[in-house]
């Protein structure tokens with residue numbers, strides 16, 4: 001008996017706790033289910049209220065008012081949908097006692113269609129908002145930033161004058177442009193398909209084109225376009241030094257000038273000018289061409305005369321312009337009437353050498369030395385240099401069949417048989 | 001303190017601790033659920049985008065205005081088109097998901113203000129746009145600005161649970177300015193010039209009621225490839241034989257089912273079906289959108305493209321009428337009637353325009369709101385003839401021609417709790433055909449063959465036993481009825497014979513019961 005009672009006392013508290021837990025869970029579940037499935041409070045029926053739609057500068061207000069002699073109950077759900085190009089704009093609210101209103105900050109100009117629903121009553125309508133006056137700052141877009149006065153299409157101005165709500169205004173736009181020669185140009189543009197545009201005049205002179213826009217009381221910053229010269233249409237070439245020795249000591253000097261476009265504007269600094277030989281009436285061919293950038297409409301060029309003495313013609317070209325031809329002369333580099341050479345042991349003594357004028361040639365003037373075999377074959381070529389008109393040239397080790405040496409300088413050739421002392 | 005008290009105290013502490021854990025954990029769970037729901041919504045929105053991006057032919061350029069300061073190069077036109085279309089994709093995503101972080105990539109200035117305002121205020125909105133026709137007015141000489149007018153169709157509505165509230169379908173004309181910013185084209189300004197629904201041109205079919213009343217037809221599924229398999233394993237010879245068989249049954253109309261999405265060669269397959277119908281002097285009622293149950297606005301452009309693709313087939317003289325969707329009322333619990341009515345109504349008007357044929361939606365019982373877009377209504381009934389009669393009479397109140405588009409009776413002899421014999425089926429057909437004659441309503445039986453192979457709706461076994469002809473092609477008594485024969489009500493013995501399949505199992509069960517009872521008695525007696 002005691003054991004049974006003890007067992008019973010052990011079981012009862014646990015059972016009580018489980019029961020309590022189960023009861024708590026049931027209550028919680030019941031509350032949750034009831035809240036999810038609570039029947040919607042039935043709204044009393046009411047006559048269709050009147051709807052007034054009032055657009056203003058910062059949005060639109062939908063105001064529902066109870067019909068005459070009727071009540072609009074409170075707590076009625078209402079929704080308004082605007083059909084916009086960005087999709088449906090939905091606003092929801094609940095009615096207060098006597099009326100309801102919804103305000104939507106939608107300010108886009110153009111046609112807007114709406115649908116409204118309050119309780120079981122639906123409404124449909126539309127309004128058309130006109131854009132307001134343009135506001136400062138206007139933001140003209142001028143393309144391109146730089147144009148040539150010859151050859152390029154003119155720059156264009158594009159403008160979307162906007163009101164305070166970012167609507168493109170329909171106000172006409174006034175454009176004023178001032179050219180580098182101070183002449184002014186004015187045009188009034190109408191706004192079509194959300195923009196106003198026009199080509200801008202470039203005139204004939206280079207410099208800066210200044211553009212200003214206005215629309216009513218709205219203004220924008222000045223826009224500028226750099227007016228650049230066109231490609232070269234004319235060029236002149238002359239030589240400050242037309243004759244130079246073939247040694248390269250005193251170079252030719254060419255002056256390309258008068259580089260201008262078709263309208264007489266000096267071409268842009270940095271425009272490339274190509275100078276090359278002209279084949280016409282040629283005495284001697286010259287394999288030569290060079291390209292240089294212009295500066296101030298000029299190119300000054302110095303370069304050594306042709307190594308082969310003779311007459312040469314050169315021409316300058318840039319863009320479509322080609323200059324006349326200039327004649328240049330390359331003279332014999334060194335006029336030496338005599339070239340004494342003798343052998344002293346293992347040394348060749350060259351000189352003393354004097355020019356036709358009786359002067360010593362420049363130190364460092366090269367002297368060519370060549371060694372030949374009996375059959376005329378060149379076994380060695382060498383170069384040595386004059387110092388005070390002379391050279392002491394130490395003979396190098398030569399093949400046994402070497403029979404002679406040639407020394408050349410300034411068109412003179414001296415030969416020496418090596419077998420002789 | 002006794003041991004009992006201590007135990008009680010421990011249990012009390014455990015219970016209190018559990019309650020505290022629940023109270024603290026529920027908000028966390030709610031938060032996690034909310035995040036999961038938000039992610040799921042964004043994923044759904046992205047799924048809509050994936051399908052949008054696959055659309056073709058939803059935008060075209062009309063001839064440019066003459067006198068442009070610069071001709072719009074092909075590469076620039078492609079870039080403008082791409083930026084414009086992707087902007088709408090981003091907008092559709094933002095409208096549904098509420099995530100508008102991507103909008104500045106496609107919109108600036110006033111257009112961006114509008115897009116951000118709309119997507120901040122609106123959630124779970126559906127917006128579909130299609131058939132964009134653009135006319136270029138201006139392309140700037142510096143290649144950085146374009147202005148054009150866009151005319152397009154749109155459909156919108158709010159997804160409130162399953163309901164589609166305040167739906168709208170309209171054609172809109174809008175001026176648009178796009179600018180080339182940092183290598184991308186973006187919409188900067190827009191203005192709506194016109195926005196209105198366009199009433200469809202409603203064709204009239206004065207002879208329709210008579211044509212429908214004369215329909216004696218069958219719903220067709222090929223034995224070797226029923227339902228969707230017909231469109232991937234099409235056997236022209238089998239179809240030709242089956243259509244010849246249908247003609248021999250003195251039937252004049254065949255209903256076929258066209259799946260959605262459209263299989264690759266569907267236009268050719270439909271042409272082959274129509275060619276076979278022409279050879280055997282049959283008319284066809286194609287039922288479109290088979291298998292489609294979503295009714296999302298985002299699907300509209302693709303469905304409309306499908307209708308345009310099938311236009312040559314749907315307008316053929318072999319097509320008697322077009323059924324837009326089979327038993328859409330079964331989709332209503334999932335998709336909701338508001339959505340069904342809007343989408344199917346819109347599609348019905350378009351189908352009529354495209355095909356020039358009378359259009360219906362193959363509902364089980366007509367819907368008054370949807371019927372305003374239809375040229376005739378349908379009834380599907382597998383119930384007793386009395387109930388079918390009531391459905392037909394109810395359908396008549398809509399003052400449109402009525403077609404009994406589906407009726408049938410299975411012959412599965414071992415179907416509990418309602419087994420049928422072929423004689424039952426023949427009697428059902430007799431009654432229904434007589435009823436249809438009285439009501440002057442055409443009918444199409446479900447279905448031509450028993451279908452032992454392939455997938456059947458819901459994988460229900462009765463669906464395999466609804467044919468007029470057995471799987472081997474031989475005729476059931478019901479086939480005799482439709483060719484002019486007569487069936488009478490099953491006799492008592494025939495009714496009893498329905499349960500014949502239970503005799504053997506019942507005998508076996510009786511035997512087992514007897515054996516067990518005998519054994520138990522012997523056991524108890526021994527005890």
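On the beta carbon distance between residue A:327 and residue A:263, with R0 = 25 Å, the FRET formula returns roughly 0.20.
Across peptide B:140-146, the mean count of Cβ atoms from other chains lying within 10 Å of each residue's own Cβ comes to 5. Placing a label point 7 Å from the Cα of residue B:365 along the Cα-to-Cβ line, no residue of region B:429-471 has its backbone N under 17 Å from it. Placing a label point 7 Å from the Cα of residue A:48 along the Cα-to-Cβ direction, the residues of region A:63-77 whose backbone N falls under 18 Å of that point are A:63-73, A:77.
Exposure proxy shown here: for B:127, B:257, A:385, A:64, the number of other Cβ atoms within 10 Å sets the order, fewest to most, as A:385, B:257, B:127, A:64.
Prolate is the label for the protein assembly as shown, because the ratio a/c of its alpha-carbon gyration tensor axes (a ≥ b ≥ c) is 1.5 or higher and a/b is greater than b/c.
Per residue, the convex hull spanned by the Cα atoms of region B:376-489 amounts to 112 cubic angstrom. Residues B:456, B:256 in ascending order of nearby Cβ atoms (within 10 Å, fewest first): B:456, B:256. Residues considered: A:218, A:388, A:144. Largest GNM mean-square fluctuation over chain A, using C-alpha springs under 10 Å, is found at A:388.
Judged by the gyration tensor of its Cα atoms, with axes a ≥ b ≥ c, chain A is oblate; a/c meets the 1.5 cut and b/c is at least as large as a/b.
Taking the number of Cβ atoms within 10 Å of each Cβ as an exposure proxy, the fewest-first ranking of B:15, A:391 is B:15, A:391. Taking chain A as a Gaussian network of alpha-carbon nodes connected by springs under 10 Å, the highest mean-square fluctuation of the residues A:357, A:195, A:23 belongs to A:23. For residue B:232 and residue B:516, the difference between the fully extended length at 0.36 nm per residue and the C-alpha to C-alpha distance is 96.7 nm. Applying 1/(1 + (r/R0)^6) with R0 = 30 Å to the Cβ-Cβ distance of residue B:334 and residue A:22 gives a FRET efficiency near 0.25. Taking label points 7 Å from Cα along the Cα-to-Cβ direction, residue A:70 and residue B:201 give a separation of 4.1 nm. Residues considered: A:52, A:260, A:192. Largest GNM mean-square fluctuation over chain A, using C-alpha springs under 10 Å, is found at A:52. Ellipticity at 222 nm from helices only: DSSP H runs of n ≥ 4 in chain B, each -39500 (n - 2.57), divided by the residue count, give -14000 deg cm²/dmol. Distance between the pseudo-spin-label points of residue A:186 and residue B:387 (7 Å out from Cα toward the beta carbon): 8.8 nm. You can think of it this way: the chain between residue B:123 and residue B:16 has 34.4 nm of extra reach, that is 0.36 nm per residue less the Cα-Cα gap. Rounded to the nearest 0.05, the FRET efficiency derived from the C-beta distance between residue B:70 and residue B:28 at R0 = 45 Å is 0.15. Output the 0 to 90 degree angle, nearest 10, between the alpha-carbon long axis of helix B:3-53 and the longest principal axis computed from the alpha carbons of chain B. Approximately 60 degrees, to the nearest 10.
How would you classify region B:79-198 from its alpha-carbon gyration tensor, with a ≥ b ≥ c the square roots of the eigenvalues: rounded for a/c under 1.5, else prolate if a/b is greater than b/c, otherwise oblate? The shape class here is oblate. Applying D = kT/(6 pi eta Rh) to region A:231-361, where Rh is the Kirkwood radius over alpha-carbon pairs, T corresponds to 10 °C and eta to 1.306 mPa s, the Stokes-Einstein value obtained is 95 µm²/s.
The numbers here are math on the coordinates, done by the rules we state, and not lab data. These figures come from a predicted structure and were not determined experimentally. Counting neighbours? That spans all protein chains shown, and the Cβs are built from the backbone with ideal geometry, glycine included.
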